[in-house]
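A.B. asks: Once you've had a glance at the structure underneath, I'll fire off some questions.
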Amino acid sequence: MRAGRLVSLLLLLQHRGRLTASELAEALEVSVRTIYRDLEALSAAGVPVYAEPGRNGGCQLVDGYRTRLTGLTAKEAEALFATGGMPGPAGELGLGTVLGAAQLKLLAALPKDLADRAASARQRFHFDAPTWFRATRNEPHLASLAAAVWDDCRVEIRYRHPGADEPAARTLDPFGLVNKAGVWYLVARRDGELRTYRVSRVHKVVPLDERFDRPSGFDLARHWHDSVTGFEALLPPAEVEVHASPAGFEELQWMTRTSGRAMKDHAAVADGWTRCTLAFESLDEAFHDLLRLGAEVVVVAPDTLRTRMTDTAHALAARYR
């Protein structure tokens with residue numbers, strides 16, 4: 001336990017530079033007294049670490065000191081290389097070759113037995129995010145936006161909002177990119193407010209010769225979580241009740257596993273059919289998802305969706321007659 005903590009302490013100092021004992025204690029969830037004992041242990045092991053007392057003091061490594069020690073366990077190394085089987089998002093961001101180079105460097109730094117296990121993970125796990133017959137979307141401006149995000153570079157984009165006939169000009173401070181269910185979104189500041197833009201609706205990107213300052217406490221993952229939670233609260237899901245045949249019920253279960261739809265409840269009814277309560281983002285989404293199941297699913301409620309399904313079935317029957 002202590003050996004792992006010493007490695008974490010060393011890597012914290014190497015990555016962040018000077019830190020106070022209190023900051024280190026908070027990061028490692030130990031007492032300040034334990035931090036001082038660990039610093040003494042590192043120093044005794046030959047690591048050039050020292051602490052300066054006083055108001056502006058802190059703990060740090062001697063300038064220029066770097067260690068090849070990664071502190072990775074076997075499982076951690078395997079996990080890193082298993083995710084190397086997801087080249088799609090990294091490639092879309094223009095980081096495919098960078099990811100490959102980083103993995104090679106990591107392999108070179110690991111002990112041989114650990115490197116062998118890590119490399120073998122790539123032969124055992126591969127992640128193919130798009131569903132069958134759906135290739136990854138080609139977002140021509142994604143790499144340009146990623147470069148601007150990396151460099152904290154202000155950009156001017158042409159963006160077409162839903163329902164708009166023409167794209168409009170927007171000057172943005174791009175904070176980060178998020179891939180949700182295979183779709184890329186840009187989180188950017190405009191007129192002092194953080195907003196979300198779908199990358200597929202960006203028609204042009206022009207990097208400006210300006211840099212912007214992002215808030216020091218900004219956390220992209222936390223911001224995205226809060227945004228999604230707020231969006232889902234403002235836009236409650238559309239609930240749909242259906243009766244499904246055995247084959248239809250299997251299809252609905254597959255849909256909930258792969259497409260993010262939620263099955264809130266289900267119970268058996270007559271003749272082997274199942275009553276299901278499903279949650280969709282909208283009734284329009286429910287219509288398109290359920291229509292492809294044909295006669296294996298019957299919409300019970302709401303009436304507006306049932307009527308739309310009935311009218312479509314009649315129109316199809318007339319067309320094929």
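A.B. asks: Using the Cα centre as the reference, give the magnitude of the dipole from point charges on the C-beta atoms of the range 1-62 (Lys, Arg: +1; Asp, Glu: -1; all else neutral), rounded to the nearest 20 debye. Could you put the intermediate results ahead of the total?
C.D. replies: Values: 7 positive and 6 negative charges, 7 e Å.
Taking the Cα centre of the range 1-62 as origin, the dipole is about 40 debye.
A.B. asks: Then there is this: What number comes out for accessible area per residue over the range 191-252 if the probe is 1.4 Å? Units Å², please. Each step should come with its number before you reach the end.
C.D. replies: Numbers: 4110 Å² over 62 residues.
The answer is 66 Å² per residue.
A.B. asks: What net charge is computed for the residues neighbouring Pro167, neighbours being all others with C-beta under 13 Å from the C-beta of Pro167, Lys and Arg scored +1, Asp and Glu -1? Could you put the intermediate results ahead of the total?
C.D. replies: Values: positive: Arg158, Arg160, Arg170, Arg198, Arg201, Lys204; negative: Glu156, Asp165, Glu166.
With Lys, Arg at +1 and Asp, Glu at -1, the neighbours total +3.
A.B. asks: From the phi angles alone, apply the Karplus equation (6.51, -1.76, 1.60; θ = phi - 60°) to the range 156-168 and give each ³J(HN,Hα) in whole Hz, x where the residue is Gly or Pro.
C.D. replies: Values, residue by residue: 10, 10, 10, 10, 9, 6, x, x, 7, 7, 10, x, 10 Hz.
A.B. asks: With a 1.4 Å probe and all protein chains kept in place, how much accessible area does Trp273 have, in Å² rounded to the nearest 10?
C.D. replies: 70 Å²
A.B. asks: Another one. What does the charge count around Leu278 come to, taking other residues whose C-beta lies under 10 Å from its C-beta (Lys +1, Arg +1, Asp -1, Glu -1)?
C.D. replies: Numbers: positive: Arg261, Lys264; negative: Glu239, Glu241, Asp265, Asp289.
With Lys, Arg at +1 and Asp, Glu at -1, the net is -2.
A.B. asks: What is the range 7-66 by shape, rounded, prolate or oblate, if you read a ≥ b ≥ c off the alpha carbon gyration tensor as root eigenvalues and call it rounded for a/c under 1.5, prolate for a/b larger than b/c, and oblate otherwise?
C.D. replies: Numbers: a/c = 1.35, a/b = 1.16, b/c = 1.16.
Judged from the Cα gyration tensor, the range 7-66 comes out rounded (a/c under 1.5).
A.B. asks: Rounded, prolate or oblate: pick one for the range 236-298, where a ≥ b ≥ c are the square roots of the eigenvalues of its C-alpha gyration tensor, a/c under 1.5 means rounded, and failing that, prolate if a/b is larger than b/c, else oblate.
C.D. replies: Working: a/c = 1.67, a/b = 1.48, b/c = 1.13.
Prolate, because a/c is 1.5 or more and a/b exceeds b/c.
A.B. asks: Show the residues, 5+ positions off or on another chain, whose built amide H is closer than 5 Å to the amide H of Lys204.
C.D. replies: Correct list: Arg158.
A.B. asks: Turning to a different aspect of this structure: So, counting K/R as plus one and D/E as minus one, what does the shell of residues with Cβ under 9 Å around Gly58 add up to?
C.D. replies: On the way: positive: Arg18; negative: Glu23, Glu52.
Result for the neighbourhood of Gly58: -1.
A.B. asks: When the Kirkwood hydrodynamic radius is evaluated over all pairs of different C-alpha atoms of the range 163-297, what value in angstrom, to one decimal, is obtained? Walk me through the numbers on the way to the answer.
C.D. replies: Working: mean 1/r = 0.0552 Å⁻¹.
Roughly 18.1 Å, rounded to one decimal.
A.B. asks: Looking at the range 153-268 only, what percent of DSSP beta bridges run antiparallel? Nearest 5 please. Mind dumping the intermediate values first?
C.D. replies: Values: 24 of 24 bridges.
If I count the DSSP bridges inside the range 153-268, around 100 percent turn out antiparallel.
A.B. asks: Using a probe of 1.4 angstrom, how much of the accessible area of the range 191-275 is carbon and sulfur, in percent? Let's see the in-between values first.
C.D. replies: Working: 2840 of 5690 Å².
Answer for the range 191-275 is 50 percent, counting heavy atoms of protein chains only.
The values are calculated or read from the model by the stated rules, or taken from the named source; none is laboratory data. Since the structure is predicted, the reported quantities are computational estimates derived from the model, not experimental observations. Neighbour counts are summed over all protein chains in view; Cβ atoms, including those assigned to glycine, are modelled from backbone coordinates with ideal geometry. Note: areas computed on protein heavy atoms with side chains; ligands, DNA, RNA excluded. Shrake-Rupley method; radii C 1.70, N 1.55, O 1.52, S 1.80 Å.
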